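The values are calculated or read from the model by the stated rules, or taken from the named source; none is laboratory data. It should be emphasised that the depicted structure is a prediction, and the values quoted were computed from it without experimental measurement. As a convention, Cβ positions derive from the backbone with ideal geometry for all residues, glycine included, and neighbour counts pool all protein chains shown.
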Amino acid sequence: METKKEFLLECYQLGIIKFGRFTLKSGIESPFYVDLRPLASDPKILKSLANYLLDMLPLDNFDLICGVPYAALPMATAMSLESYIPLIIKRKEAKAYGTKQLIEGIFKKGQNCLLVEDVITSGKSLVETIEEVENEGILVSDIVVVLDRQQGGKELLESKGYKVHALFTISEVCQMLQDAGHLTDEELTRIHDFLNGNPVKFEVVKRISYEEKLDLCEHTVAQKLLKIALEKKSNLIVSADVTTTKELLELVEQVGPHIVALKTHMDIISDFDPDSTILPLKDLASKYNFLLMEDRKFADIGNTQELQFSMGVFKISNWADFVTAQVIAGYDSLNCFRNVGVVAIISMSSTGTLTDLQYREQAASIAVSHPNVFGGVSQNKISKELLQFTPGVNLADSGDGKGQQYNTPEHVFKKIETDFIIVGRGIYKSEDIEKAALRYKIAGWNAYLDAL
Ligand code: 5BU
């Protein structure tokens, strides 16, 4: 069985929780909005959810299951099917005709009923529901909820002697989503403020423009990239993860007009040859006005990196405009990258990455202070002094089944204020590569403009 976190991330993809600025029924502004109804639209998720909820409970105690209408009805039904505990249905209002009963189904007075609810907030509506069920002679001792919004509901019910079992708390959910890169540090702070009853600041900070970045970023490669972005109205970098020179050059012919840089993993080109791979690539780069970014992710001591950078088959230093490097070996390890720009890996897009907040802060502090570094690859907001590059962007998929996690251009420009999107399979695997490149270029540029 998948972990609880993996399950949550699957549920998240259904759009059950949104972050931003929402006005609640009470008029209060909340930094998040929860709607668990979409969970019922995915049978596999609904079934897993039923089992997660059942696993938390002393099932022998219950004769009946009842969902609080409407969101919890499918959940209670699924739990009944998985556990064979009979279901009863509580109406929202008693029928005005016929039997006038409030509870439908077969039950006897004195039976103990498990109540199922999707979200518990203040708990007041649950108290009312419990009363109505108890008025029919049915006993209630336990309530199971999918999400506890941590706004006093659990405490209220417990003070009345009921046991509340919650699969997730909102804090837990937010932490998991932040670890997975779906929530920025500021959003998390805002949610904590909201939950602690502190005033929530929703200042709308506009992201800075490429023109402003031109004043902030002094590195020549950063300047070149920004100028190309403004000229071509593009912030798209295509990741050319193809494996032959022919495929590489054909891809570049199609995407060249639309990109600011081409990202390569030159060590996956099986027929690499400086003359037949690099020379035509350089020609295309000047013909279409884009830079070459070798995603080598250096991760060794300075001396070894220096050799990997300038020697061997690829002689990266001869042709790359900029390279990616881990900062794991420390500040001095980056001294060897002379005459190119370095983009430091601050965080990664894959599931289970070790780039947690502490790592990211340390990596960013090396990146900002090192003169060879002008940017960072990151899934979280980074310092304005760096150009930010974000891979893991795809308009059609949410992941690749191998750990890659995707976001949309809109998300990465608005939420994490990135400067450049890196797109691989979304473009080179597409049937019409040029059209796909144009689509991502327009989506990226519009998302950037919208975020200004
Ligand atoms: P994709 O096909 O769009 O998933 O390709 C993404 C590219 O970006 C691929 O070349 C990766 O090596 C690269 N990448 C990434 O996906 N995530 C990261 O965190 C980093 C690099 Br760093």
Listed residues Ile421, Ile427, Ile442; which is aliphatic (A, V, I, L, M) and under 17 Å from the mean Cα position of the chain (by Cα)? Ile421
In region 357-374, is there at least one residue being of a type in the set (D, E, K, R), under 30 Å from Pro280 (Cα atoms) and at pLDDT below 95? no
Kindly list the number of the only condition in (1) in a helix (DSSP H, G or I); (2) within 20 Å of the chain's Cα centre (by Cα) that fails for Ala367. (2)
Give the residues of region 271-315 that are surrounded by 14 or more Cβ atoms within 10 Å (Cβ to Cβ) and among the aliphatic types (A, V, I, L, M), sorted by residue number. Ile278, Leu281, Leu284, Ala285, Leu291, Leu292, Met293, Ala299
Of the residues that make up region 51-60, is at least one touching a residue at least 40 places away in the same chain (Cβ under 8 Å) and among the hydroxyl-bearing types (Ser, Thr, Tyr)? yes
Subset of region 235-251 (residues that are away from the ligand (no atom under 15 Å from the Cβ) and either at pLDDT below 95 or of a type in the set (Val, Ile, Thr) (or both)): Thr244, Thr245
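For residues in region 346-368 being more than 20 Å from Leu9 (Cβ to Cβ) and touching a helix residue (DSSP H, G or I) at 6+ places or on another chain (Cβ under 7 Å), which is farthest from the ligand (Cβ to nearest atom)?
At the first step, the residues of region 346-368 found to be more than 20 Å from Leu9 (Cβ to Cβ) are 346, 358-359, 361-368.
Right, trim to touching a helix residue (DSSP H, G or I) at 6+ places or on another chain (Cβ under 7 Å) and you get 346, 366.
Numbers: Ile346: 9, Ile366: 15 Å.
Ranking the qualifying residues of region 346-368, first place goes to Ile366.
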Going through region 416-452 one residue at a time, which ones are farther than 13 Å from Ser239 by Cβ and crowded, with 23+ Cβ neighbours inside 10 Å? Thr418, Asp419, Lys441, Gly444, Tyr448
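Give region 325-339 a look and list any residue that's buried (at least 21 other Cβ atoms within 10 Å of the Cβ) and either among the charged types (D, E, K, R) or touching a residue at least 60 places away in the same chain (Cβ under 8 Å) (or both), or say none.
Quick first cut of region 325-339, residues buried (at least 21 other Cβ atoms within 10 Å of the Cβ) only: 325, 327, 333-334, 336-337.
Selection gives nothing.
Any idea which of Leu73, Leu64, Leu59, Leu54 is more than 18 Å from Asp148 (Cα to Cα), at pLDDT 95 or above and surrounded by fewer than 20 Cβ atoms within 10 Å (Cβ to Cβ)? Before you say what the answer is, go through the steps one by one.
Values: Leu73 fails: more than 18 Å from Asp148 (Cα to Cα); Leu64 fails: surrounded by fewer than 20 Cβ atoms within 10 Å (Cβ to Cβ); Leu54 fails: more than 18 Å from Asp148 (Cα to Cα).
One residue alone meets the criteria, Leu59.
Take region 423-438 and flag every residue that is without any contact (Cβ under 8 Å) to a residue 12 or more places away in the chain, more than 9 Å from the ligand (Cβ to nearest atom) and among the charged types (D, E, K, R).
As a first pass, look at region 423-438 and keep what is without any contact (Cβ under 8 Å) to a residue 12 or more places away in the chain: 429-432, 435-436.
Pick out the ones that are also more than 9 Å from the ligand (Cβ to nearest atom) and you get 430-432, 435-436.
Passing the criteria: Glu431, Asp432, Lys435.
The rows are residues; the columns are (1) outside the structural domain of Lys297 (by TED's automatic domain parsing); (2) within 12 Å of the ligand (Cβ to nearest atom); (3) part of a helix (DSSP H, G or I).
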position	(1), (2), (3)
Phe374	no, no, no
Ser383	no, no, no
Glu410	no, no, yes
Glu417	no, no, no
Ile421	no, yes, no
Tyr440	no, yes, yes
Trp445	no, no, yes
